[in-house]
Amino acid sequence: MLYNFTILSPELILIAIALLGQLIAVYCKKTHRVIDSTVILCIALVAFILQMPSFEVSAFHDSFVINGFSRFFKALVLMFTIANIIMYRDFCKISNNEIKHEFVSLTLLSTLGIFVSISSRDLLLLFCGLELQALAGYALAAFNTSSYKSSEAALKYFVLGALLSCISLLGMSFIYGFSGSLHYTTIATLLDPAANSINVGLVIGVILFLSGILFKLSAAPFHMWTPDVYEGAPISAVTYFSTTQKIGVLAILFNVIHFIVWDYTQISVDLIRIAAGLSMIIGALGAIRQESLKRLMGYSTILNVGYVLIGITLHSSEGDYAAQIYMMIYTIGAIGFFACLIALLGSKAEDATFRDIQGIASNRKTIAAVATIIMFSMIGLPPFAGFFGKYYLFYQAVAAKEFVLVFIGIASSVVASFYYLKIIKTMYFIDSEIEVERIPTNRGLFLITLISVCFILIFPFFMNNFRI
Amino acid sequence: MSELPILSICLLLPLLSAAYIAFFVSQSRSPNKQAYAMYVAILSSIFTLISTIYLLIKFDYASDGGYQFVERHKWVKTIGLEYYLGIDVISLYFIFLSALLTLICIIASLFTVKKYIKEFLLCFLLLEAFCIGAFSSLNLLLFFLFFEVILVPMYLIIGIWGGENRIYASIKFFIYTFFGSVFFLISLIYIYTKAHTFSIPELTQIVPTFSLAVQRNLFIATFIAFAVKVPIPPFHTWLPDAHVQAPTAGSVMLAGILLKLGGYAFLRISLPMLPAASAELAIYILILSSFAIIYASLVALAQTDMKKMIAYSSVAHMGYVTGGIFSLTKIGIQGAIFQMISHGVISSALFLIVGILYERNHTKEIDKYGGVASKMPILAVLFMISMLGSIGLPGTSGFIGEFFSILGIFKVNNIVAVIAGFGIVLGAMYMLKLYKRVMFGEITNQNILSFKDLEIYEMLALAPLVILIIYFGLVPETIIKTFNLPVEGLLKVYDSFK
């Protein structure tokens, strides 16, 4: 029994950090000090996770598993969470908002949900993890209590999220009803196409269940919430949704596909293929007329999730690898972009539009250059990381003869280049109409943008040795 | 003794000085850091030019085929990317041209660019490095990398330092080219899935064995990418906008080097790798080229803006290039290569002259000029030589290129050749009209009375180009005979299709 808990230790430590930090923050007036120590503890936790075994170890009757995959993704997710927390702290500092530890606790709890779901091999445990992640997310979206927009966004997110949770729970009950088990491997054997009969109930269950996960990944046709929530929610929460949450849910999707529907290609592949194509089209076309930058990033997320899903439809280890590195490159770029936005606009980043960044490059040369590099990487221009991610992904897709998706992919990337260029254009080519307020350089944001841009620039040099 | 990695030096010198300007000069607190950036840029481009001249001297023109100065290092194994450089005669001249034109551009814009001079120089150094990289890479993916990344500095050059309508022009330029190159990317990926290598010398052995249908698809996909770059109508509409809006130096690089990338890619990729499809589809491209020549010349005739007229004349002149290449005859291809080099020099000179006039009168409208020759005699002479080169007067470099290209086309199809020949007449019409209206006649605009003749830096920028126009025109043989071996090597595969 004790052994089981040692395997669970990262999760236990994380929950302890989240709750104890909250407790201390109530009594300690210097909240940012508490947040600093939380960050340091989390960094230590990353190191702790990275030294855990890479071979497979299971606990609690095989319902909780750790291995190299979960180790990598937990460490990555936690690193993103740390970056999110730092960004929240610095955003409050720049915009003179009151800093609240609740945000940090909620972020950590949401991350805890992702942790549990990544390791779970049991549908019930998975559902608990996903719900924990989602509930904390709803609260994060509503965090800006003084703004109607934030409440509206949270409400939309909550209503849709709850609906889709219900649907995926319905799917799970289908699966349980027809297979008699909640455990991944048992379900997988029943879904095996080599077995004589394929159970229609199971198929419906899996489809409903996958829809729930695709919703969290904001893949079309379950993307409706993304632009609205991104526009309304506080920017720190949006950063969390578009980076940490997406990476985490992607890992969960991998698990589900690998262990439940792996051999049963047709249903999962067709569903995900449709989702991939739709996401790319909607993400590319939806963003063109957007004025709000956060909304634009929402569509950009949808678009890039579409690319990632191409990798998943390939059903090969190379395809998965391509999807993973693509997602990683995109999220690192996205977090860098949000950090740039906060560093450029301060409190105005909350509802930033193209008007706000007009001609900003003349005053803030370095940050504008960094944002430009990130945008070029997202367009997929060589020699930045985004190109290599996209190239590897398309290469695998062409090798697997997924020509339709590749065609949609390249067409949408041309369309998308328009709105990424629009950001560069607005920063550099248009003279500013409004007086730009000087925002002091901030060390935490600077660090995040620096890491992001360094990764984008030097990724091609270590891509060779980069294996998950 | 191991050989000096001279190609890497040509490539890295501008790149490193650009990085130096970006990270050190820009951050320094010195009051005259702009002057400092200028010194760095000029020195670095002079050294790059010297290295390319060293290449010109050291190159073994007598060796048969084969790439020289080869450097090969592994880079990203999983996707077949290598750092693989090497040149043959064709790339040699373009590398020299890139280095020369960059130096000229930097000299010409030192006193004319008013804002963000450091960033301007940085963009040009990057552009130079990427162009040299594209012309010297022997790995297809590396080539694509450079081919694509050239967009970034050019986009910024047009967008930041361009004219009134620069934003529209820059975005149009970017999206057009990006649209073309995604097709190139997809065909690259397809080739790699079949051949498992990106090395161009190996691919020229492997890809021709693909079936005709596959080759045809690959050819069409790559053709779109290169046709946008060249540009061949109907893919040309970005060019007039980009040229008119770009700053003078930007136009020079665009016309001098970037357009040549398309033609170079035809020679390096389409022709040797996809022989069956090239032989089959060549006639359509010939027709397209002659259409381009006539159409662009007629449009140029109707322009009232000097830069737009020269931009359309570029489209027409590049028509001879594609025509010559796809005549698939030795003389045609030789003419096409020569035409690319000479057009690089001539159009650069013309754009520089327009820039010089613009500096004095702040307009590009032809009607606002007239009688400039009496005030600027030196410019009038230089303009005359460049203009005659553009028309293709014997004795200038333009003549040789057009003559050889048309000769090549004649061997394949008489009608197309005659149509293309008409282009020369039309070219004479619009260029002479331009020269007459701008240089001769009454001085109607009072501004012109106060025009000063060329400054010393303008002379420095223009003189080498004009000297080259005459030199190429008088002794073309020195250059054309060096093309013999590579062109014969290129056409060896086509013997079976005749």
Exercise. Averaged over peptide A:411-424, how many Cβ atoms belonging to another chain are found within 10 Å of each residue's Cβ?
Worked result: 3
Seminar exercise, completed: Expressed as a whole number, the average count of other chain Cβ atoms within 10 Å around the Cβ atoms of B:186-195 is 4
For this session: Amide H neighbours of residue A:353 under 5 Å, at least 5 residues apart or on other chains, H built in the peptide plane: list them.
Result: A:293
Problem set entry | the range B:66-166: GluC sites (Glu not before Pro) in DSSP coil with no more than 12 other Cβ atoms inside 10 Å | B:164
Seminar exercise, completed: In nanometres, the difference between 0.36 nm per residue of separation and the alpha-carbon distance of residue A:353 and residue A:1 is 121.3 nm
Problem set entry | GluC sites (Glu not before Pro) within the range A:388-468: DSSP coil, no more than 14 neighbouring Cβ in 10 Å | A:433, A:435, A:437
Exercise. Where a ≥ b ≥ c are the square roots of the eigenvalues of the C-alpha gyration tensor, would you call the range A:406-468 rounded, which needs a/c under 1.5, or, failing that, prolate if a/b is larger than b/c, or oblate?
Worked result: oblate
Exercise. Given a cut-off of under 8 Å on Cα pairs at least six residues apart, what relative contact order in percent is computed for chain A?
Worked result: 14
Exercise. Tell me, A:419, B:192 in order of fewest to most beta-carbon neighbours within 10 Å?
Worked result: B:192, A:419
For this session: Please order A:327, B:429, A:172, B:253 by the number of other Cβ within 10 Å, starting at the fewest.
Result: B:429, A:172, A:327, B:253
Exercise. Which of the residue pairs A:390/B:77; A:100/A:246; B:172/B:308; A:29/A:100; B:260/B:436; B:118/B:307 have a Cα-Cα distance greater than 19 Å in the structure shown?
Worked result: A:100/A:246; B:260/B:436; B:118/B:307
Seminar exercise, completed: If one compares the long axis through the Cα atoms of helix A:68-95 with the longest principal axis of the Cα atoms of chain A, the angle in degrees, nearest 10, works out at 30
Exercise. Using +1 on the beta carbon of Lys and Arg, -1 on that of Asp and Glu, and nothing else charged, what's the dipole of the range A:269-468 about the Cα centre, debye to 20?
Worked result: 180
Problem set entry | Reachable aspartates and glutamates, given that their alpha-carbon falls under 14 Å from the alpha-carbon of residue B:433 and they are not under 8 places away in the same chain | B:305, B:365, B:367
Exercise. Taking the Cα centre of each part, how many Å lie between the range B:9-76 and the range A:34-83?
Worked result: 46
Exercise. What's the exposure ranking of B:471, A:391, going from fewest to most Cβ atoms within 10 Å?
Worked result: B:471, A:391
For this session: Sort out for me the Cα centre separation of the range A:289-334 from the range B:379-411, rounded to whole Å.
Result: 52
For this session: Over all alpha-carbon pairs in the protein assembly as shown, figure out the percentage whose distance exceeds 53 Å.
Result: 23
For this session: Give a quick list of chymotrypsin sites (Phe, Trp or Tyr not before Pro) in the range B:89-149 that DSSP marks as loop, anything other than H, G, I, E or B, with at most 15 other Cβ atoms within 10 Å.
Result: B:111
Exercise. Rounded to the nearest 0.05, what FRET efficiency is calculated for residue A:51 and residue A:29 with R0 set to 45 Å and r the Cβ-Cβ distance?
Worked result: 0.80
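All of the numbers you see were taken from the coordinates with simple rules; none came from a lab. Quantities reported herein were computed from a predicted structural model and do not represent experimental measurements. For neighbour counting, all protein chains shown are included, and Cβ atoms are generated from backbone atoms with ideal geometry for every residue, glycine included.
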